[in-house]
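Input: a single structure, listed below in C-alpha cells.
The values are calculated or read from the model by the stated rules, or taken from the named source; none is laboratory data. Note that the structure is predicted; figures quoted are calculated from it, not measured. A quick note on method: Cβ atoms are made from the backbone with ideal geometry, for glycine too, and the neighbour counts reach across all protein chains shown. All accessible areas refer to the heavy atoms of the entire protein, side chains included, with ligands and DNA or RNA removed. Shrake-Rupley method; radii C 1.70, N 1.55, O 1.52, S 1.80 Å.
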Amino acid sequence: MADLTFNTTAGQTVDRALLILYLNTGESGTPVWSPIGKRVEDSSAEYDWGKETKTDIFGEVYTTLKKPTQTQSFEPCELDAGDAAQQKIWNLGIKEQNAQALANLDMLVVHLYAGTKDTAVFAERYSSCAVEPTSLGGEGGGSIGMPIEVTFGGTRTTGTASVSNGTVTFTADGAE
C-alpha cells in the first residue's frame with residue numbers, strides 16, 4: 001500500500017473531529033457504525049509498544065518494540081438517549097453485566113484526514129475490542145456520566161471508509 005497523505009489544508013493543523021471511533025451497534029455482517037465520544041471533551045488513543053532496551057557486553061544499546069496494545073478512554077461520557085453506542089454499552093455493561101460481550105465488540109477507527117476526503121479515508125477495524133464502563137454517576141445537580149475504557153483487540157483489518165449523511169461504510173483492503 002502506498003503512503004497516504006493528509007487531505008487537509010497545508011500549514012493548518014488537523015481538526016480533532018477528523019479522528020472518530022465507531023462501535024458496531026448492528027450485526028457483524030451488516031454493521032451499523034455508531035460514533036463514540038459524544039459530549040467527551042478530550043480523548044486520545046494510547047499506544048504501548050512494549051519497549052525493551054538492553055545494553056550488550058560491548059556497551060551497545062539495542063531497543064526492541066512489540067506490536068502495540070492500544071487503549072482509549074472516554075470521559076466524562078455523559079448519558080444521552082440519542083447515542084446508540086452508549087446505549088449498547090450501558091445495556092451490556094450496567095444492565096446485563098455481560099463481561100464476555102463487553103470483551104468482544106466490533107470497532108472501527110476512521111481517520112477522516114488521511115486518504116481521499118469523505119469517499120476513501122483510512123480506517124482500521126478491530127474485531128474483538130474490550131469496552132469497560134468504569135463508573136456510573138456524577139455530581140449532584142449534574143449529569144450522569146459513564147466513562148469508558150476501550151482496549152483494541154482481535155483481528156485488525158485495514159481499509160477505507162466512506163461517510164455519507166452520517167452513514168459509515170467500511171471496505172477492507174483487497175475487497176471489491
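For first residues located in segment 101-128 and in contact (Cβ under 8 Å) with a residue 40 or more places away in the chain, partners that are open to solvent by 20 Å² or more (accessible area, probe 1.4 Å) and assigned to a loop (DSSP other than H, G, I, E, B) and lie 6+ apart or on another chain with Cβ distances below 6 Å form the pairs Tyr113/Thr8; Tyr113/Val14; Ala114/Leu4; Gly115/Leu4; Lys117/Asn7; Phe122/Leu4. I'd like to check something: does segment 87-109 contain any residue that is in contact with a Leu (Cβ under 7 Å, 6 or more places away or on another chain) and over 22 Å from Ser28 (Cβ atoms)? There is at least one residue in segment 87-109 that is in contact with a Leu (Cβ under 7 Å, 6 or more places away or on another chain) and over 22 Å from Ser28 (Cβ atoms). Taken as a whole, the structure places Pro31 among residues that are assigned to a loop (DSSP other than H, G, I, E, B), at pLDDT 95 or above and closer than 21 Å to Thr169 by Cα. Screening the candidates Lys66, Lys54, Lys38 for the property of being in a loop (DSSP other than H, G, I, E, B) and at pLDDT 95 or above yields one hit, Lys66.
So for segment 96-119 (the condition being farther than 30 Å from Trp49 by Cα and modelled with pLDDT of 95 or more), does at least one residue qualify? Checked against the condition, which is being farther than 30 Å from Trp49 by Cα and modelled with pLDDT of 95 or more, segment 96-119 yields at least one hit. As a summary of the residue check, Glu46 satisfies the conditions (1) at pLDDT below 95; (2) among the charged types (D, E, K, R); (3) not in a loop (DSSP other than H, G, I, E, B) except for the one numbered (1). For Ile89, are the conditions met, namely being buried (at least 17 other Cβ atoms within 10 Å of the Cβ), in a strand (DSSP E or B) and in contact with a strand residue (DSSP E or B) (Cβ under 8 Å, 6 or more places away or on another chain)? No, not satisfied.
To keep it simple, each residue is scored yes or no on (1) aromatic (Phe, Trp, Tyr); (2) on the phi < 0 side of the Ramachandran plot; (3) out of contact with any strand residue (DSSP E or B) (no Cβ under 9 Å at 6 or more places or on another chain); (4) open to solvent by 20 Å² or more (accessible area, probe 1.4 Å).
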{"residue": "Ile94", "(1), (2), (3), (4)": "no, yes, no, yes"}
{"residue": "Met107", "(1), (2), (3), (4)": "no, yes, no, no"}
{"residue": "Val110", "(1), (2), (3), (4)": "no, yes, no, no"}
{"residue": "Glu124", "(1), (2), (3), (4)": "no, yes, no, no"}
{"residue": "Ser128", "(1), (2), (3), (4)": "no, yes, no, yes"}
{"residue": "Pro133", "(1), (2), (3), (4)": "no, yes, no, yes"}
{"residue": "Gly138", "(1), (2), (3), (4)": "no, no, no, yes"}
{"residue": "Thr155", "(1), (2), (3), (4)": "no, yes, no, yes"}
{"residue": "Asn165", "(1), (2), (3), (4)": "no, no, yes, yes"}
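Of the residues making up segment 21-43, just one is exposed (fewer than 12 other Cβ atoms within 10 Å of the Cβ) and in contact (Cβ under 8 Å) with a residue 40 or more places away in the chain, namely Ser28. Scanning segment 1-28 for residues that are touching a Leu at 6+ places or on another chain (Cβ under 7 Å) and either assigned to a loop (DSSP other than H, G, I, E, B) or farther than 17 Å from Thr158 by Cα (or both) yields one hit, Leu18.
Return the residue satisfying two criteria in turn: it lies in segment 57-86 and is under 21 Å from Thr30 (Cβ atoms) and among the hydrophobic types (A, V, I, L, M, F, W, C), and of such residues it is most open to solvent (accessible area, probe 1.4 Å). The selected residue is Ala84.
The C-beta contact set for segment 1-20 (first residue over 16 Å from Thr119 (Cβ atoms) and open to solvent by 90 Å² or more (accessible area, probe 1.4 Å), second residue in a loop (DSSP other than H, G, I, E, B) and at pLDDT 90 or above, distance under 6 angstrom, 6+ apart or interchain) is empty.
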